[in-house]
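A.B. asks: Pasting a structure here, questions to come.
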Amino acid sequence: MWQPILLSAGCIPALILLAAVFIERWRRKRRGERQPLSEKLLRPPGYSLQRKLEDLDDAFIAWFMGTFLFSLGAIGAFAAMPADAIGRFMFFVVFALGAAVAAIMAWRKANQMRDYRRGLLGEQAVAEQLQPLVANGYRIFHDVPGDGQWNIDHVVVGPAGVFAIETKYRTKKPGRAGERDYEVVFDGSTIQYPSGYRDAKALKQARNNARDLAKILGKAVTVRPILALPGWLVTLKAKSDLKVLSGKYVPDFISSEPAQLSDKAIQQISYQLEQRCRDVEF
């Protein structure tokens, strides 16, 4: 008789915590609290991924709590269920199914968070590797939003022109026989990883980003695409309009290119990008 009551009591701390969180949010909003900064900031590296991670984190906690509460309900129904209690058995089935669904959703959110964290780490690594270009008169913009549901990881503007940089962060796996597990091969149409995986989508995405950015900036501006693979050694086996480089070699490549833009053009393009990227609010 006491088992269901004790098991149900286990839900009370979780419910109190949830209620406290929502009440505190309501109190802050009612008091009119706001951040002291009024101006908007430029987007940091991986800003879009950070926002997605925040949403996923909230979703994961909600599904995790759902798994916990439904599991308690299933255990309570099972503990209180006589052999002939059909109604209680149905309650047990409903709670058990609810716990299973919530657990699956929490697992999916956890996997998505892992992938986004890897992508965020890659963008932050490339952003740090690009920083030396600033001393050579270049401006660097991160997570540049497009006119739709897309963004460009990094845009570099300077004497050598405008470069749209797409970052792909992929974990290393043991390579096949005779292949080095840290080397990728670019044959002009695909990127071949030592595990056997071939990636053509990243190349298409990098080219599309450069094309779409050129439309935003104007017909007179040429945007060159770069695909950065942080942590990988890239072997080129074909010439291409798209440069595929290890992240640490991107600054050297850009710095070695001949000058094409005047100081005035650099300022005009940078102003356009700054207006687009200065949207971070608190």
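Coordinate-derived values only; no laboratory data. Worth saying up front: this structure is predicted, and the values here are computed from it rather than measured. Don't worry about glycine lacking a Cβ; one is built from the backbone with ideal geometry, like all the others, and counts go over all protein chains shown.
A.B. asks: Multiply the residue separation of A20 and Q267 by 0.36 nm, subtract the distance between their alpha-carbon atoms, and state the gained length in nm to one decimal.
C.D. replies: 83.9 nm
A.B. asks: Okay, moving on. What does the convex hull of the Cα atoms come to per residue for the range 133-280, in Å³? Provide the component values of the computation, followed by the final result.
C.D. replies: Working: hull volume 17.7 nm³, N = 148.
Cα-based convex hull of the range 133-280, divided per residue, equals 119 Å³.
A.B. asks: Using a 7 Å offset from the Cα along the Cα-to-Cβ direction at both E274 and T190, what is the distance between the two label points in nm, to one decimal?
C.D. replies: Going by the 7 Å Cα→Cβ label model, 4.5 nm.
A.B. asks: Under 5 Å between amide H atoms, partner at least 5 residues away or on a different chain: which partners does V162 have, H built in plane at 1.01 Å?
C.D. replies: Amide H to amide H, under 5 Å and 5 or more residues apart or across chains, V162 pairs with R224.
A.B. asks: Pairs K168/K248; K215/K248; K172/K248; K204/K243; K172/K243: which exceed 19 Å Cα-Cα? Don't jump to the answer; show the numbers that get you there.
C.D. replies: Numbers: K168/K248 13 Å; K215/K248 28 Å; K172/K248 17 Å; K204/K243 12 Å; K172/K243 21 Å.
From K168/K248; K215/K248; K172/K248; K204/K243; K172/K243, over 19 Å: K215/K248; K172/K243.
A.B. asks: Counting only GluC sites (Glu not before Pro) that sit in a DSSP loop (anything but H, G, I, E, B) with at most 13 other Cβ atoms within 10 Å, what is the longest stretch of the chain containing none of them?
C.D. replies: 40-280
A.B. asks: Test of understanding: in a Gaussian network model of the chain with alpha carbons linked when under 10 Å, which of S48, S195, S270 would top the mean-square fluctuation ranking?
C.D. replies: The residue with the greatest mean-square fluctuation here is S195.
A.B. asks: Evaluate the charge dipole of the range 133-280 about its Cα centre and quote only its size in Debye, nearest 20, assuming +1 on the Cβ of each Lys and Arg and -1 on the Cβ of each Asp and Glu.
C.D. replies: Values: 22 positive and 16 negative charges, 73 e Å.
In total the dipole reaches around 360 debye.
A.B. asks: Could you tell me the relative contact order of the chain? Use alpha-carbon pairs under 8 Å, at least six residues apart, and round to a whole percent.
C.D. replies: Reported relative contact order: 20 percent.
A.B. asks: Now for a different question. If you split all Cα-Cα distances of the range 195-282 into 5 Å bins from zero, what percentages do you get per bin, shortest first?
C.D. replies: Each 5 Å bin holds this share of Cα pairs: 2, 11, 16, 22, 20, 15, 9, 4, 2, 0.
A.B. asks: Then there is this: Please turn the phi angles of the range 212-221 into ³J(HN,Hα) values with the Karplus equation 6.51 cos²θ - 1.76 cosθ + 1.60 (θ = phi - 60°), one per residue in order, whole Hz, x for glycine and proline.
C.D. replies: 5, 5, 4, 5, 5, 7, x, 5, 6, 9
A.B. asks: With unit charges on the beta carbon (Lys/Arg positive, Asp/Glu negative), name the residue among V221, T171, I140 whose Cα is farthest towards the positive pole of the charge dipole of the range 133-280.
C.D. replies: Final value for the positive-end residue is T171.
A.B. asks: Turning to a different aspect of this structure: Which whole-angstrom value gives the distance between the alpha carbon centres of the range 90-168 and the range 198-277?
C.D. replies: 18 Å
A.B. asks: I want to verify a result. In a Gaussian network model of the chain, Cα cutoff 10 Å, which of these has the top mean-square fluctuation: V157, V223, V185?
C.D. replies: Ranking V157, V223, V185 by mean-square fluctuation puts V185 first.
A.B. asks: Can you work out the FRET efficiency for the pair N151 and E183, with r the C-beta to C-beta distance and R0 = 30 Å, to the nearest 0.05?
C.D. replies: 0.55
A.B. asks: Hey, another quick one. Among Y271, Y193, Y138, determine the one that fluctuates most according to a GNM of the chain built with springs between C-alpha atoms less than 10 Å apart.
C.D. replies: Maximum fluctuation in the GNM of the chain, among the listed residues, is at Y271.
A.B. asks: Another one. Residue by residue, what Karplus-based ³J(HN,Hα) values in Hz, rounded to whole numbers, does the range 223-238 have, using 6.51, -1.76 and 1.60 with θ = phi - 60° and x for Gly and Pro?
C.D. replies: For the range 223-238, the Karplus curve yields 10, 9, x, 9, 10, 9, 10, x, x, 10, 8, 9, 9, 9, 10, 7 Hz.
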